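The values are calculated or read from the model by the stated rules, or taken from the named source; none is laboratory data. Just so we're clear, the structure is a prediction, and the values are computed from it rather than from any experiment. Note: ideal-geometry Cβ built from the backbone for every residue, glycine included; neighbour counts use all protein chains shown.
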Amino acid sequence: MGNVVINVGMKEILEMKSYYSMHLVDKLPPGSVFAAKTPSCMITAYKSGKVLFQGNASETEAGRWGGNPAPVSSKGKSAAKGDLPAGIGEMSVIGSDEVGTGDFFGPITVVAAYVKKEHIPLLKELGVRDSKDLNDEKIIEIAKVIKDVIPFSLMTLKNEKYNQVQQKGMSQGKMKAILHNQAILNVLGKISPEKPEAILIDQFVQAGTYFQHVKGQKEVAKENVYFSTKAEGIHLAVAAASILARYAFIQYIDKLSEAAGFKIPKGAGAQVDVAAAKLILSKGREVLPSYVKLHFANTEKAMAIVNKKR
Ligand code: MN
């Protein structure tokens, strides 16, 4: 069981009080503004601005509030399975996942998808599962069907934009967090006034870091947001999101291949160095920013190949 303390302003404390309004407890410790008890976390906010989270979900709950959570006595890992609501796999859930972060060529694609519990058997029938177990043909086949069955939102961070924000100093983690948040908001908008029972993000950073990343955004989806690694195996909504994200990524790579005039490889291995060198030799170095993630070491390696050939 972990304890987390964060420091926030009175405005946030009041916001928290209304967020936890269903769980407020009457008996207040001295110096506190409110205390609340959810099934997996005890929250106590003090006039000093300190908020104490105790229980299995302490890091997830603290993370929602963007304070800088410092684990006091936990194992130092967030989003243990214990943080997730019991039975989440059978709930109506928005899941989100991204593709392309480790690929030299092509964009980052993020998809959030809403899978209602009634749709779970159908998706299973259609073969929706961990996209890492599926080849491209199968992914395309499944994606073409589910895109008309479930509400989803696709965010594509194209290479040109990616390189611009990366050069301004934005981390990939922050880019991903902003894209996930936007995709989730889009889906929430699409299904409104219906609400998911939970929102599950395939975890790429700790909850606290995620909420730090999206702090400056106009709107942030916070309510019922959970994180887990290997979330594709926890709810089919994440598996469906990952299939749709991969489908979009594959299509984008196909478009790049067409523009390049040869097949663009995925990944970040030696084959992409060779392909980038070929691209530079045929179209010039200046086209690179619209094809690749420039800050990858592959850029230098491709230039080395080019220089040897010249
Ligand atoms: Mn993922």
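So which residues in the stretch 151-165 are closer than 20 Å to residue 190 by Cβ and touching a helix residue (DSSP H, G or I) at 6+ places or on another chain (Cβ under 6 Å)?
151, 152, 153, 154, 155
To keep it simple, each residue is scored yes or no on (1) over 30 Å from residue 249 (Cβ atoms); (2) at pLDDT 85 or above; (3) part of a helix (DSSP H, G or I).
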site	(1), (2), (3)
76	yes, no, no
82	yes, no, yes
94	no, yes, no
98	no, yes, no
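Looking only at the stretch 114-128, residues that are farther than 24 Å from residue 224 by Cβ and touching a residue at least 60 places away in the same chain (Cβ under 8 Å) come to 0 in all. When 201, 184 are checked against the criterion of being in a helix (DSSP H, G or I), within 15 Å of the ligand (Cβ to nearest atom), in the same structural domain as residue 112 (by TED's automatic domain parsing) and modelled with pLDDT of 95 or more, 184 stands alone in meeting it. Considering the conditions (1) in a helix (DSSP H, G or I); (2) within 19 Å of the chain's Cα centre (by Cα), residue 227 is excluded by exactly one of them, (1).
A single member of 268, 276 is assigned to a loop (DSSP other than H, G, I, E, B), among the small types (Gly, Ala, Ser) and not assigned by TED's automatic domain parsing to the domain that holds residue 154, and it is 268.
Conditions (1) under 23 Å from residue 137 (Cβ atoms); (2) surrounded by fewer than 22 Cβ atoms within 10 Å (Cβ to Cβ); (3) more than 16 Å from the ligand (Cβ to nearest atom), marked per residue:
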| site | (1), (2), (3) |
| --- | --- |
| 207 | no, no, no |
| 211 | no, no, yes |
| 217 | no, yes, yes |
| 223 | no, yes, yes |
| 231 | no, no, no |
| 235 | no, no, no |
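Restricted to the stretch 204-213, and to residues there that are in contact (Cβ under 8 Å) with a residue 40 or more places away in the chain and not in a helix (DSSP H, G or I), the residue that is farthest from residue 85 (Cα to Cα) is 204. For the stretch 169-181, a residue qualifies if it is without any contact (Cβ under 8 Å) to a residue 40 or more places away in the chain and either buried (at least 23 other Cβ atoms within 10 Å of the Cβ) or within 15 Å of the ligand (Cβ to nearest atom) (or both), and exactly one does: 177. Of all residues in the stretch 85-105, those satisfying the criterion of being over 12 Å from the mean Cα position of the chain (by Cα) and within 16 Å of the ligand (Cβ to nearest atom) are 93, 100, 102, 103.
A count restricted to the stretch 126-163 and to residues that are closer than 19 Å to residue 181 by Cα, of a type in the set (D, E, K, R) and in a loop (DSSP other than H, G, I, E, B) stands at 1. When the stretch 239-284 is filtered for residues that are more than 16 Å from the ligand (Cβ to nearest atom), among the polar types (S, T, N, Q) and closer than 29 Å to residue 201 by Cα, only 251 remains.
Taken over the stretch 128-143, the criterion of being surrounded by fewer than 18 Cβ atoms within 10 Å (Cβ to Cβ) and touching a Phe, Trp or Tyr at 6+ places or on another chain (Cβ under 8 Å) is satisfied by 140 alone.
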